[in-house]
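Asks: One structure, pasted below without further comment.
The values are calculated or read from the model by the stated rules, or taken from the named source; none is laboratory data. Because the structure is a prediction, the values reported are computed rather than measured. Ideal geometry is used to build each Cβ from the backbone, glycine not excepted, and the neighbour counts take in all protein chains shown. The accessibility values were calculated without ligands, DNA or RNA, using every heavy atom of the protein model including side chains. Shrake-Rupley method; radii C 1.70, N 1.55, O 1.52, S 1.80 Å.
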Amino acid sequence: MTDEQRKASEDFTYGCELCTSSDLTVDPAAAEMLTIADELGISTMFSRAAEMKPCPIGAEGACCKLCAMGPCRISGKDKEGKTGVCGATLETIAARNFARMVAAGSSAHSDHGRDVAFTLKAVAEGEIEGMRVTDEVKLAKVARDFGIEIEGKDVSAIAGEVADVALSQFGQQTGELLFARRAPEKRQALWRNLGITPRGIDRDVVELLHRTNAGNDQDYEDILDASMKCALGDGWGGSMIATDLSDILFGTPEPVRSAANLGVLSPDQVNIVIHGHEPLLSSVIVQSTRKPEMIELAKSVGAAGINLVGICCTANENLMRQGVPPAGNMLHQELSIITGAVEAMVVDVQCVFQGLARTAEYFHTKLITTSEKAHIKGDGVVHIQVDEHRPVQAADEIVRRAIENFPNRGDIHIPTETGQLIAGFSHEYIRHMLGGKMRASLRPLNDNVMNGRIRGLAAVVGCNNPRTKQDAGIVHIVRELIANDVLCVVTGCAAIASGKYGLLAPETMEYAGDGLREVLETVGIPPVLHVGSCVDNSRILTVLSEVVEEGGLGEDISDLPAIGICPEWFSEKAIAIATYCVASGAYVIFGGVGSPVAASLELMDYMITGWEERVGGKLAFIQDHEAIVASALDTIDAKRAALKIDAPRERVLFDMEMRRELDV
Ligand code: NFS
């Protein structure tokens with residue numbers, strides 16, 4: 001960011017109270033860009049969602065297209081008792097559809113984790129130019145967790161062994177995933193009892209696909225158990241490997257100041273947007289944009305410098321480690337190009353949409369794909385295949401191409417909005433800030449939950465979806481929860497949304513309830529903590545396990561006054577996350593577009609009452625924001641009562657004035 005931009009963003013404080021300009025979004029920057037898209041006749045995910053009516057049968061999980069006897073649809077007035085050609089019931093069909101979402105979501109997070117492990121292996125063997133282990137303390141910790149003897153070994157040797165063990169977790173055929181041992185003892189015993197302890201990350205994904213292939217598992221309870229097992233391999237396997245090994249390679253996050261929203265794009269510098277999910281190439285691009293020769297090159301084409309910003313979780317990875325500002329969350333990918341100010345958008349994997357290629361054709365923007373797993377066809381698309389052993393070369397080429405594209409820029413229109421933020425609250429840092437560097441501990445957190453200053457803990461996570469008003473649910477729910485003394489952690493696109501509206505800044509303290517504020521002012525942190533990307537939801541599992549271990553709040557994650565909320569989901573990955581959180585004992589509420597199994601009331605009910613009986617967690621789909629907050633607080637209070645730490649308290653009900661302020 002230029003100094004001028006920083007100043008402008010500091011002067012600008014805004015919140016959802018100003019955002020009445022659009023039915024599609026509460027973000028004034030997005031609303032502004034949507035108006036421009038309309039004027040230019042450019043379609044966006046917002047406009048295409050309005051034009052494309054979702055298939056009501058598929059949306060509710062009642063369409064089975066697993067074989068060529070169908071597709072079979074269990075719908076219509078006579079759907080009672082109706083089955084597919086093979087005899088599959090609505091419950092079986094809906095459960096299989098759900099399970100396949102879990103398998104796909106788990107595979108995405110986990111394949112990301114696998115690539116991080118391969119990178120660590122290559123770094124250990126000195127095969128990647130310019131890259132080394134950044135956090136040796138974390139390396140030692142993970143090595144110990146893996147049971148690796150580290151005495152007398154150098155960093156490269158330990159890193160190599162950690163990478164080998166991590167890679168073995170994917171192909172393991174029997175036994176238990178090693179990181180599952182981080183869960184509370186009681187939880188591990190429960191998983192063993194139910195036979196859902198994950199064995200091998202790939203094996204459990206494959207088995208779930210096999211089970212849900214036509215003519216296999218046709219008992220929906222069993223299919224959902226297998227879904228939990230597969231998802232646990234994501235949360236306590238693939239995602240946790242992605243998080244921990246990324247920390248080892250690129251550094252464990254610590255608080256860093258930055259800003260979020262389209263206003264972080266620069267009017268006079270070469271703008272490069274990094275988008276997707278993986279930290280490897282993007283972190284090298286960060287370094288490349290800082291090279292004096294690159295800055296000189298940018299100046300030679302008339303630019304004031306190089307400005308690197310992010311979208312989606314590649315943004316989160318580089319925000320929390322390097323302070324790279326996010327230009328927005330998922331629905332901002334097209335909007336950032338429509339500013340006309342993006343010289344290159346560099347994408348890796350996941351949540352990178354094909355519509356970008358069409359959008360880029362209207363502008364000078366180069367859309368650069370870089371992963372062999374994610375190509376996009378299109379005239380304006382360039383594929384630069386990254387040799388993982390030589391990422392610096394690829395990064396320099398990308399940055400050079402972006403600079404050379406600057407003179408092709410036409411009219412630009414950059415909204416001014418940015419929210420100031422602090423990000424980078426890794427679980428290690430949370431321990432340090434609570435207990436001090438020398439005696440890192442979660443004790444103060446547990447004590448303040450027990451004495452009621454902190455009523456409970458909430459993780460607000462997940463995506464945007466153009467079928468729901470962008471960011472409305474995230475902002476509304478986060479603000480009401482902190483007003484009710486619930487400490488919030490945020491990840492993924494919900495974290496970026498929180499950043500856009502200033503909710504990650506210390507000033508947010510003014511929205512916090514008295515008890516929460518008292519604690520946070522003492523510790524000196526905001527009431528909404530950015531803990532990372534979507535694979536970093538595994539950090540939340542680790543923190544919750546450590547809270548249990550710290551003592552005083554029960555023996556299992558399901559005992560904690562804690563809740564997971566995904567206000568605006570769209571992705572199969574979000575469904576995988578929901579499932580591993582439930583299987584870990586959490587109550588999870590999804591908002592937005594509703595349940596992907598809504599056609600089957602029996603299945604919806606089983607995911608609440610059946611799952612709660614089995615694993616102590618449950619999954620509910622609730623669309624109304626007020627009802628989500630009410631259900632979250634009821635659950636938190638019920639858990640407090642069960643722990644016998646409840647004191648009578650009133651819910652802070654927003655009066656008309658507060659509600660006007662919160663007009664989302
Ligand atoms: Ni999560 Fe991150 Fe965003 Fe949703 Fe996509 S970027 S991995 S899936 S849209 S939060």
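So that you can scan it fast, the table gives a plain yes or no per residue for (1) among the small types (Gly, Ala, Ser); (2) modelled with pLDDT of 95 or more:
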{"site": "His275", "(1), (2)": "no, yes"}
{"site": "Pro279", "(1), (2)": "no, no"}
{"site": "Ser282", "(1), (2)": "yes, no"}
{"site": "Cys312", "(1), (2)": "no, yes"}
{"site": "Asn316", "(1), (2)": "no, yes"}
{"site": "Pro326", "(1), (2)": "no, yes"}
{"site": "Gln350", "(1), (2)": "no, yes"}
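Asks: Go through (1) within 21 Å of Pro391 (Cβ to Cβ); (2) open to solvent by 20 Å² or more (accessible area, probe 1.4 Å); (3) more than 16 Å from the ligand (Cβ to nearest atom); (4) out of contact with any Asp or Glu (no Cβ under 8 Å at 6 or more places or on another chain) one by one and return the number of the condition Glu296 breaks.
Replies: Answer for Glu296: the failing condition is (1).
Asks: For the condition among the hydroxyl-bearing types (Ser, Thr, Tyr) and more than 16 Å from Gly532 (Cα to Cα), what is the one hit in Ser266, Ser246, Ser258?
Replies: Working: Ser246 fails: more than 16 Å from Gly532 (Cα to Cα); Ser258 fails: more than 16 Å from Gly532 (Cα to Cα).
After applying the criteria, what remains is Ser266.
Asks: Tell me which residues, restricted to region 33-44, are part of a helix (DSSP H, G or I) and surrounded by fewer than 22 Cβ atoms within 10 Å (Cβ to Cβ).
Replies: Initial filter on region 33-44 (part of a helix (DSSP H, G or I)): 33-40.
If the condition is that a residue be part of a helix (DSSP H, G or I) and surrounded by fewer than 22 Cβ atoms within 10 Å (Cβ to Cβ), then Thr35, Ile36, Ala37, Asp38, Glu39, Leu40 are the ones that fit.
Asks: Taking into account only those residues within region 96-137 that are among the β-branched types (Val, Ile, Thr) and in a helix (DSSP H, G or I), which is most open to solvent (accessible area, probe 1.4 Å)?
Replies: Initial filter on region 96-137 (among the β-branched types (Val, Ile, Thr)): 102, 116, 119, 123, 128, 133-134, 137.
Next cut, in a helix (DSSP H, G or I) only: 102, 116, 119, 123, 137.
Details: Val102: 0, Val116: 9, Thr119: 14, Val123: 15, Val137: 117 Å².
Among those residues, the one meeting the criterion is Val137.
Asks: Let me ask something else about it. Within region 553-573, take every residue that is more than 11 Å from the ligand (Cβ to nearest atom) and among the hydrophobic types (A, V, I, L, M, F, W, C) and give me the one that is surrounded by the fewest Cβ atoms within 10 Å (Cβ to Cβ).
Replies: Going through the qualifying residues, I end up with Leu560.
Asks: Quickly run through region 574-600 and pick out the residues that are on the phi > 0 side of the Ramachandran plot and either crowded, with 24+ Cβ neighbours inside 10 Å or within 16 Å of the ligand (Cβ to nearest atom) (or both). Spell out how you get there, then give the answer.
Replies: Initially, region 574-600 is screened for residues on the phi > 0 side of the Ramachandran plot, giving 585, 592, 594.
Correct list: Gly585, Gly592.
Asks: Now for a separate question. Is it the case that some residue within region 301-310 is buried (at least 24 other Cβ atoms within 10 Å of the Cβ), touching a Phe, Trp or Tyr at 6+ places or on another chain (Cβ under 7 Å) and assigned by TED's automatic domain parsing to the domain that holds Glu388? Don't jump to the end; show me each part of the working.
Replies: Restricting attention to region 301-310, the residues satisfying the condition of being buried (at least 24 other Cβ atoms within 10 Å of the Cβ) are 306-310.
Narrowing further to those that are touching a Phe, Trp or Tyr at 6+ places or on another chain (Cβ under 7 Å): none.
Within region 301-310, not a single residue is buried (at least 24 other Cβ atoms within 10 Å of the Cβ), touching a Phe, Trp or Tyr at 6+ places or on another chain (Cβ under 7 Å) and assigned by TED's automatic domain parsing to the domain that holds Glu388.
Residues checked against (1) touching a Pro at 6+ places or on another chain (Cβ under 9 Å); (2) surrounded by fewer than 24 Cβ atoms within 10 Å (Cβ to Cβ):
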site: Asn446; (1), (2): no, yes
site: Arg467; (1), (2): yes, yes
site: Cys488; (1), (2): yes, no
site: Ala495; (1), (2): yes, no
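Asks: Is at least one residue of region 81-95 within 16 Å of the ligand (Cβ to nearest atom), in a helix (DSSP H, G or I) and of a type in the set (A, V, I, L, M, F, W, C)?
Replies: no
Asks: For region 26-57, which residues satisfy the criterion of being closer than 30 Å to Ala214 by Cα and more than 25 Å from the chain's Cα centre (by Cα)?
Replies: Residues of region 26-57 closer than 30 Å to Ala214 by Cα: 52-57.
Matches in region 26-57: Met52, Lys53, Cys55, Pro56, Ile57.
Asks: Are any residues in region 607-617 surrounded by 20 or more Cβ atoms within 10 Å (Cβ to Cβ) and either out of contact with any helix residue (DSSP H, G or I) (no Cβ under 7 Å at 6 or more places or on another chain) or assigned by TED's automatic domain parsing to the domain that holds Ala99 (or both), and if so, which ones? Before you say what the answer is, go through the steps one by one.
Replies: So the first thing to find is which residues in region 607-617 are surrounded by 20 or more Cβ atoms within 10 Å (Cβ to Cβ), and the list is 607, 611, 614-617.
Of everything in region 607-617, just one residue is surrounded by 20 or more Cβ atoms within 10 Å (Cβ to Cβ) and either out of contact with any helix residue (DSSP H, G or I) (no Cβ under 7 Å at 6 or more places or on another chain) or assigned by TED's automatic domain parsing to the domain that holds Ala99 (or both), namely Met607.
Asks: If you take the residues of region 450-465 that are within 24 Å of the chain's Cα centre (by Cα) and either hydrophobic (A, V, I, L, M, F, W, C) or open to solvent by 10 Å² or more (accessible area, probe 1.4 Å) (or both), which of them is nearest to Ser571 (Cα to Cα)? Step through it out loud before you land on a result.
Replies: Pass one, region 450-465, residues within 24 Å of the chain's Cα centre (by Cα): 456-465.
Imposing the further condition that a residue be either hydrophobic (A, V, I, L, M, F, W, C) or open to solvent by 10 Å² or more (accessible area, probe 1.4 Å) (or both) reduces the set to 457-461, 463, 465.
Details: Leu457: 24, Ala458: 21, Ala459: 17, Val460: 15, Val461: 12, Cys463: 7, Asn465: 9 Å.
Looking at residues that are within 24 Å of the chain's Cα centre (by Cα) and either hydrophobic (A, V, I, L, M, F, W, C) or open to solvent by 10 Å² or more (accessible area, probe 1.4 Å) (or both), I get Cys463.
Asks: Given the criteria within 16 Å of the ligand (Cβ to nearest atom) and either in contact with a Leu (Cβ under 8 Å, 6 or more places away or on another chain) or over 29 Å from Ser533 (Cα atoms) (or both), does Ala103 qualify?
Replies: Details: within 16 Å of the ligand (Cβ to nearest atom): yes; either in contact with a Leu (Cβ under 8 Å, 6 or more places away or on another chain) or over 29 Å from Ser533 (Cα atoms) (or both): yes.
Against the criterion (within 16 Å of the ligand (Cβ to nearest atom) and either in contact with a Leu (Cβ under 8 Å, 6 or more places away or on another chain) or over 29 Å from Ser533 (Cα atoms) (or both)), Ala103 qualifies.
Asks: Could you list, in sequence order, all residues of region 644-664 that are open to solvent by 40 Å² or more (accessible area, probe 1.4 Å) and at pLDDT 85 or above?
Replies: Answer for region 644-664, where residues must be open to solvent by 40 Å² or more (accessible area, probe 1.4 Å) and at pLDDT 85 or above: Lys644, Asp646.
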